[in-house]
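Before any comments, here is the structure.
The values are calculated or read from the model by the stated rules, or taken from the named source; none is laboratory data. All values derive from a computational prediction rather than experimental measurement. Backbone-built Cβ (ideal geometry, glycine too); neighbour counts: all protein chains shown. Side chains are part of the model used for accessible areas, which takes the heavy atoms of the whole protein and leaves out ligands, DNA and RNA. Shrake-Rupley method; radii C 1.70, N 1.55, O 1.52, S 1.80 Å.
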Amino acid sequence: MASTNNINLSNSDVNRVISGRKRSINVDNWKNVKNKKLRNSGKEYTSRRKVIVPAKTPPNMQQVCDKNKCPWQQCVILTLARKIELFNEFYNLTYDEQSALLISYATSRRFCSFKYYIDDSQVCKNTFLNTFNITRRRVMTLQDKIKSGILIPRDGRGKHSNRLHAIDASVKDLIRQHINSLPRQPSHYSRLTTDNLQCLCSDLNLSADTEEERKNIEIDSMLHHSRAEQSYDALKKDTEFARLNSSTVVLCVDLQQVLFYPTLTHSNMFYQRQLSNYNFAIHNMGNNAVSMHLWYECIAKRGSLEIASCILNFIESNYNILGHGEERKLEKPFTIVEMSQVDFKDFSSLERDMTKKNLKITQAMWLKLSADAPMHVSIRESHNTLRPWKSHEIRHKNFGEDILSIKDLPPAYQSPLALTKEKKKDLLDMCKYIPQRYSDFFKSLPG
């Protein structure tokens with residue numbers, strides 16, 4: 001361990017800081033270190049509370065005690081010149097050396113008797129304190145340490161052991177040794193100014209420590225890419241089939257990532273909450289038509305019923321019940337649908353009376369519905385197109401008798417969803433940066 005002015009740093013810590021790109025460590029320039037050195041030397045310094053503490057003054061009297069009442073008559077032997085000499089020698093020492101000197105004077109004749117001897121002459125406590133211009137508290141602290149068995153007291157100011165989770169310096173050295181054992185390469189950032197900067201190789205995989213683990217990772221990666229290719233191939237075949245057969249509709253759906261508005265360029269926007277907007281895209285692969293269903297967080301959330309409501313809205317808006325000889329046609333090649341709150345339906349009434357044995361919709365990769373069996377859904381739970389379809393019955397218990405019409409489903413929400421107070425406040429703060437025709441919309445949001 002390297003010690004600099006009572007600041008304990010390991011050798012690796014010192015080398016790492018000095019050889020780093022940032023400015024090198026210089027403990028002697030730290031303010032607290034400078035003040036501590038001045039205090040130990042008896043010179044004037046500034047405390048943490050910005051109070052100027054005056055310097056220690058040498059003794060100016062040969063005897064400070066009453067010679068008629070002092071039990072030790074040898075105090076008069078100690079001259080003023082000798083006291084000043086001892087004072088200067090004392091404050092030229094370090095704090096630990098000062099403590100050692102005081103102990104030698106206080107216990108030179110009888111251990112732990114705490115009688116004070118200077119130049120082999122026993123003096124009283126007042127003369128002893130005046131000679132070195134120290135407080136009673138410092139002497140009492142040394143006496144307490146001697147009583148507790150500490151024969152060589154060390155300066156413990158500013159040091160403690162309450163960092164229970166501190167990492168030992170030896171552990172840090174082992175970690176650095178492990179990092180240095182890994183293959184490295186010169187950094188490609190600012191090579192003109194950072195010749196010694198290195199980084200880990202790009203092909204290094206820390207999670208694969210053995211050759212077997214690396215092979216397993218490569219196999220998993222190959223399987224992942226193979227499954228993705230199979231899915232794209234299956235979608236391509238289904239798309240070609242739907243383009244040639246008007247009775248088949250292939251839909252590819254996806255919920256886009258959340259869109260945040262308003263989008264401004266001032267720096268405060270980075271810390272402010274914005275309005276969340278949702279977009280559910282339905283792509284008809286047969287005729288390449290796309291329908292975007294948009295809504296924001298005050299209208300509805302983005303769960304399963306919202307997705308089902310968007311699909312229901314798409315079907316009702318684009319398809320009608322076919323009569324004999326009629327062809328199914330899409331009304332518009334591209335549409336943007338602004339979903340209102342009444343468009344989101346509550347499907348719980350249908351779900352309660354639906355029989356769905358062993359149907360795990362969350363594991364489904366492909367869904368297929370047929371007009372020949374409208375109450376059955378075929379599910380494929382794998383990307384592999386060679387795996388067979390599994391048929392599941394989703395027949396309604398009251399089908400044919402008193403089934404609830406889908407058009408008569410109750411709305412999922414009875415009132416607009418309120419924003420949080422924090423988000424509403426941020427939106428109102430941003431209104432001053434946008435035109436009034438847009439800011440009125442944000443001001444009208446509930447919250």
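Close contacts from region 288-315, counting a first residue that is at negative phi and a second that is assigned to a helix (DSSP H, G or I) and exposed (fewer than 15 other Cβ atoms within 10 Å of the Cβ), with Cβ to Cβ under 7 Å and a gap of 6+ residues or different chains, come to Leu312/Ile406. Condition check for Tyr91 on (1) touching a residue at least 24 places away in the same chain (Cβ under 8 Å); (2) farther than 21 Å from Gln122 by Cβ; (3) over 59 Å from the mean Cα position of the chain (by Cα): one failure, at (3). Scanning region 32-60 for residues that are exposed (fewer than 10 other Cβ atoms within 10 Å of the Cβ) and either touching a residue at least 60 places away in the same chain (Cβ under 8 Å) or farther than 22 Å from Asn126 by Cα (or both) gives Arg48, Arg49, Lys50, Val51, Ile52, Thr57. When region 63-80 is filtered for residues that are touching a residue at least 24 places away in the same chain (Cβ under 8 Å) and open to solvent by 60 Å² or more (accessible area, probe 1.4 Å), the ones remaining, listed by number, are Pro71, Trp72, Gln74, Ile77. Within the set Tyr271, Tyr296, the sole residue that is surrounded by fewer than 16 Cβ atoms within 10 Å (Cβ to Cβ) and farther than 30 Å from Lys237 by Cβ turns out to be Tyr271.
Is it the case that Ser370 is open to solvent by 50 Å² or more (accessible area, probe 1.4 Å), modelled with pLDDT of 65 or more and over 25 Å from Tyr278 (Cα atoms)? Yes: the conditions hold for Ser370.
Of the residues in region 170-183, at least one is surrounded by fewer than 10 Cβ atoms within 10 Å (Cβ to Cβ) and modelled with pLDDT under 80. The residues of region 299-316 that are touching a helix residue (DSSP H, G or I) at 6+ places or on another chain (Cβ under 9 Å) and crowded, with 17+ Cβ neighbours inside 10 Å, listed by number, are Ile299, Ala300, Leu305, Ser309, Cys310, Leu312, Asn313. Taking the conditions exactly as written (exposed (fewer than 11 other Cβ atoms within 10 Å of the Cβ), at pLDDT below 65 and assigned to a helix (DSSP H, G or I)), does Lys407 satisfy them or not? So Lys407 passes the test.
Yes or no, residue by residue, for (1) at pLDDT below 90; (2) assigned to a loop (DSSP other than H, G, I, E, B); (3) open to solvent by 30 Å² or more (accessible area, probe 1.4 Å); (4) among the aromatic types (Phe, Trp, Tyr):
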| position | (1), (2), (3), (4) |
| --- | --- |
| Ala100 | yes, no, yes, no |
| Cys112 | yes, yes, yes, no |
| Asp144 | yes, no, yes, no |
| Leu151 | yes, yes, yes, no |
| Asp155 | yes, yes, no, no |
| Arg163 | yes, yes, yes, no |
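Condition test on Ser378, is it within 30 Å of Arg227 (Cβ to Cβ), open to solvent by 40 Å² or more (accessible area, probe 1.4 Å), among the hydroxyl-bearing types (Ser, Thr, Tyr) and modelled with pLDDT under 75? So Ser378 does not fit the description; no. Does Leu255 qualify as being in contact (Cβ under 8 Å) with a residue 40 or more places away in the chain, hydrophobic (A, V, I, L, M, F, W, C) and exposed (fewer than 15 other Cβ atoms within 10 Å of the Cβ)? Yes; evaluated as a whole, the condition is true for this residue. Among the residues here, Asn92 qualifies as open to solvent by 60 Å² or more (accessible area, probe 1.4 Å) and either part of a loop (DSSP other than H, G, I, E, B) or in contact with a Pro (Cβ under 6 Å, 6 or more places away or on another chain) (or both). Within region 28-44, being under 41 Å from the mean Cα position of the chain (by Cα) and either at pLDDT 90 or above or not β-branched (Val, Ile, Thr) (or both) holds for Asp28, Asn29, Trp30, Lys31, Asn32, Lys34, Asn35, Lys36, Lys37. Find the residue count for region 410-447, including only residues that are of a type outside the set (Lys, Arg), at negative phi and open to solvent by 50 Å² or more (accessible area, probe 1.4 Å). Selection size over region 410-447: 17.
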